[in-house]
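The values are calculated or read from the model by the stated rules, or taken from the named source; none is laboratory data. Note that the structure is predicted; figures quoted are calculated from it, not measured. In this analysis, Cβ positions are derived from the backbone assuming ideal geometry, glycine residues included, and neighbour counts consider all displayed protein chains. For the accessible areas, the whole protein counts, side chains as well, though only heavy atoms, and no ligand, DNA or RNA atoms are used. Shrake-Rupley method; radii C 1.70, N 1.55, O 1.52, S 1.80 Å.
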Amino acid sequence: MTVLDIAGDARRAFDVAKNGGIVIFPVDVGYSMIGGSRESLQRIFKTKERGGHKRNALICDMETQRELHVLDKKKQQMIEAITQDYNLPIGPIAPYRVDHPLMRELDPDSLVGSTVGGTLAMLVNAGPFHAEICRLSREENHPLFGSSANLTGTGTKFRVEDIQPELRAIADVTIDYGLRKYHTYKRSATLINFETMKVVRVGSCYELIADVLKRHFKIELPPESVAVSPHGHVDEFALPVIA
């Protein structure tokens, strides 16, 4: 008998987000905060004290990523290798299909707050709860966007009790699954623009992702010590919604 009701908890969280509420929930790279409406996303943005350059990220599974991102075969194979062969989390950034059903659900403000220059950031392969809520998002065609459950600049939170009280206060539901898997990194997901192969953020499993890309695709990412995380796209997961 399992101690976690992942299907039930994901259903409860998804329904809250879909109906305009705010949810804190667990992914392997920390705790995320999502909203299911323009108003809830704006409330999260304001409470987190995020700068205007920050962007939300779409929480989705690989099926949605394959449909939504516009990448050539080799670039898509890179994402598949990282997530499917090596079972690592990644935040891929790439051009997206503007006519995809999920994107057509976004209001103009949410679209502006979640895309940059025709590209969209995602979080994929971030654990069992993430997989289940992403399945619901895909099957019910309700996008989930959001960001890390932390005040801007304070670092990813890997336990619910470490999330600032002002953020916990605005959540309509919090799913607490304890200490998250990649807590030793003290960082959220690694973000890579797969159109340009530019590292946007060094995050969890960076050295493992770099090894996969070097050995299988002859792509060398910058050493972690010199890789710079610019502030122009998605800067903190910000995973993690209107999404």
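Per the Debye calculation on the range 110-180 with a single equal scatterer at every Cα and no solvent contribution, log₁₀ I(q)/I(0) for q = 0.14, 0.18 Å⁻¹ amounts to -0.57, -0.94.
Set the Förster radius R0 to 22 Å, insert the Cβ-Cβ distance between E80 and E220 as r into 1/(1 + (r/R0)^6), and round the FRET efficiency to 0.05.
Here the calculated transfer efficiency is 0.65.
Its relative contact order, with pairs defined as Cα atoms under 8 Å and 6+ residues apart, puts the range 33-112 at 29 percent. The calculated pair-distance distribution of the range 1-51 uses every alpha carbon pair, bins of 10 angstrom beginning at 0, and gives 24, 48, 23, 6, 0 percent.
R0 = 51 Å: FRET efficiency of D5 with K198, Cβ-based, nearest 0.05? Present the calculation step by step, with values, prior to reporting the outcome.
Working: r = 40 Å, r/R0 = 0.78.
So, using R0 = 51 Å, E works out to roughly 0.80.
Which order do the peptides 88-96, 100-108 come out in when sorted by mean C-beta neighbours inside 10 angstrom, highest first?
Working: 88-96: 24.4, 100-108: 15.2.
Result, highest mean first: 88-96, 100-108.
Would you mind checking K73/K218; K75/K214; K186/K218 for any pair whose Cα atoms are more than 18 angstrom apart? Violating the 18 Å Cα-Cα cut-off are K186/K218. In this Cβ point-charge picture (+1 for Lys and Arg, -1 for Asp and Glu), the chain has a dipole of about 480 debye about its Cα centre. In a solvent-free Debye calculation with one equal scatterer on each Cα, what is log10 I(q)/I(0) for the range 8-133 at q = 0.12, 0.16 Å⁻¹, listed in the order of the q values? For the range 8-133, the Cα-only Debye profile gives -0.46, -0.84. Accessible area per residue for the chain is 42 Å², calculated with a 1.4 Å probe on protein heavy atoms, without ligands, DNA or RNA. A dipole drawn for the chain from +1 and -1 charges on Cβ atoms has a positive end, and of F129, V16, L167 the residue lying farthest that way is L167. At a 1.4 Å probe radius, carbon and sulfur cover how many percent of the accessible area of the chain? Exposed carbon and sulfur together represent 51 percent of the surface. Note on T184 and E67: their simple-model spin labels are 3.7 nm apart, each label 7 Å out from Cα toward Cβ.
Taking only DSSP H segments of four or more residues, each worth -39500 (n - 2.57), what value at 222 nm results for the chain once the sum is divided by all its residues, to the nearest 500 deg cm²/dmol?
On the way: 9 runs with 78 residues, N = 243.
Taken over the chain, the calculation gives -9000 deg cm²/dmol.
Hey, any idea what the orientation-averaged projected area of the convex hull of the chain's Cα atoms comes to, in nm²? Display every interim value, and only then the final one.
On the way: hull surface 48.3 nm².
Seen from a random direction, the Cα hull of the chain projects 12.1 nm² on average.
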